[in-house]
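S.K.: Before I ask anything, here is the structure I am working with.
The values are calculated or read from the model by the stated rules, or taken from the named source; none is laboratory data. Quick caveat: nothing in here was measured; it's all calculated off a predicted structure. In this analysis, Cβ positions are derived from the backbone assuming ideal geometry, glycine residues included, and neighbour counts consider all displayed protein chains.
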Amino acid sequence: MRRPQSHTALENPPSRSALEDLRMPVQARLAAAWTSFMFLYIYVDYFHLYKPGAVDDILVGTVYEFDVSQTLLTAFLTLVTIPALMVVLSMTLPARVNRATNLVVASLYIPVSIFNAVGESWAYFYGLSIGVEVLLLAFILRSAWTWPRRTAPQTTPAASLDSQPIRTPQQA
């Protein structure tokens, strides 16, 4: 059974091409970027195994130019664990600590990502992967740097900060 429509609905039908664009919280953008970074980071290491000679080197106990050891594998695990933790931390830390943590960790991972290409002969593979990693890190830095700020209460000191408008970084 059809419900009657008002005359306004008939005059202004909703556009089929208009999509609703919801504002995503900064924490969700950061967590999504760290998730993308982490997947890319892991897959680059995985796809490296397809490079001729990589598995042979691992079987004789070397990765890149380093001897396989508990220390080396712990360092590799740490390099992968930090982005994984940043997914959770980006969603759970308070805003001020979250912003600072993302700025520091993303800044430290840019040289780490670039270091991974040192001495590699596969320029297209590593150039593309590290280029995307650095773009994701730049997005994280920009998102954390431009985190919206709240204005100070102007009416009464007892006013809640939750009821204050959000300022853009340019207004801060």
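S.K.: Of all residues in segment 31-74, count the ones that are on the phi > 0 side of the Ramachandran plot and surrounded by 12 or more Cβ atoms within 10 Å (Cβ to Cβ). Can you show your working first?
M.R.: To start, the set of residues in segment 31-74 that are on the phi > 0 side of the Ramachandran plot comprises 53, 61, 64.
Subsequent filtering for residues that are surrounded by 12 or more Cβ atoms within 10 Å (Cβ to Cβ) retains 64.
Of the residues in that region, 1 qualify.
S.K.: Conditions first: (1) more than 20 Å from residue 49 (Cβ to Cβ); (2) surrounded by fewer than 16 Cβ atoms within 10 Å (Cβ to Cβ). Residue 115 passes all but one, so which condition is the exception?
M.R.: With (1) more than 20 Å from residue 49 (Cβ to Cβ); (2) surrounded by fewer than 16 Cβ atoms within 10 Å (Cβ to Cβ) applied to residue 115, the lone miss is (1).
S.K.: Give the residues of segment 145-162 that are at pLDDT 70 or above, β-branched (Val, Ile, Thr) and exposed (fewer than 14 other Cβ atoms within 10 Å of the Cβ), sorted by residue number.
M.R.: Selection gives 151 alone.
S.K.: Next question. Could you please find all residues in segment 116-143 being in a loop (DSSP other than H, G, I, E, B) and either in contact (Cβ under 8 Å) with a residue 12 or more places away in the chain or more than 19 Å from residue 80 (Cα to Cα) (or both)? Before the answer, list the steps.
M.R.: Step one: list which residues in segment 116-143 are in a loop (DSSP other than H, G, I, E, B), which gives 116-122.
116, 117, 119, 120, 121, 122, listed by residue number.
S.K.: While we're on this one: Go through segment 17-43 and give me each residue that's modelled with pLDDT under 90 and under 20 Å from residue 123 (Cα atoms).
M.R.: 41
S.K.: Looking only at segment 63-95, filter to residues that are at pLDDT 95 or above and assigned to a loop (DSSP other than H, G, I, E, B); which one of those is nearest to residue 49 (Cα to Cα)?
M.R.: Among those residues, the one meeting the criterion is 93.
S.K.: Moving to a separate point now. Considering each of 105, 112 in turn, give the residue that is in contact with a Pro (Cβ under 9 Å, 6 or more places away or on another chain), part of a helix (DSSP H, G or I) and aliphatic (A, V, I, L, M).
M.R.: That would be 105, the only listed residue that is in contact with a Pro (Cβ under 9 Å, 6 or more places away or on another chain), part of a helix (DSSP H, G or I) and aliphatic (A, V, I, L, M).
S.K.: Could you grab me the full set of residues in segment 127-144 that are surrounded by fewer than 19 Cβ atoms within 10 Å (Cβ to Cβ) and more than 19 Å from residue 100 (Cβ to Cβ)?
M.R.: 127, 128, 131, 132, 134, 135 - these are the residues of segment 127-144 that are surrounded by fewer than 19 Cβ atoms within 10 Å (Cβ to Cβ) and more than 19 Å from residue 100 (Cβ to Cβ).
S.K.: Please determine, by comparing only the residues of segment 75-112 that are surrounded by fewer than 13 Cβ atoms within 10 Å (Cβ to Cβ) and of a type in the set (S, T, N, Q), which one is farthest from residue 63 (Cα to Cα).
M.R.: Filtering segment 75-112 for residues that are surrounded by fewer than 13 Cβ atoms within 10 Å (Cβ to Cβ) and of a type in the set (S, T, N, Q), the one farthest from residue 63 (Cα to Cα) comes out as 92.
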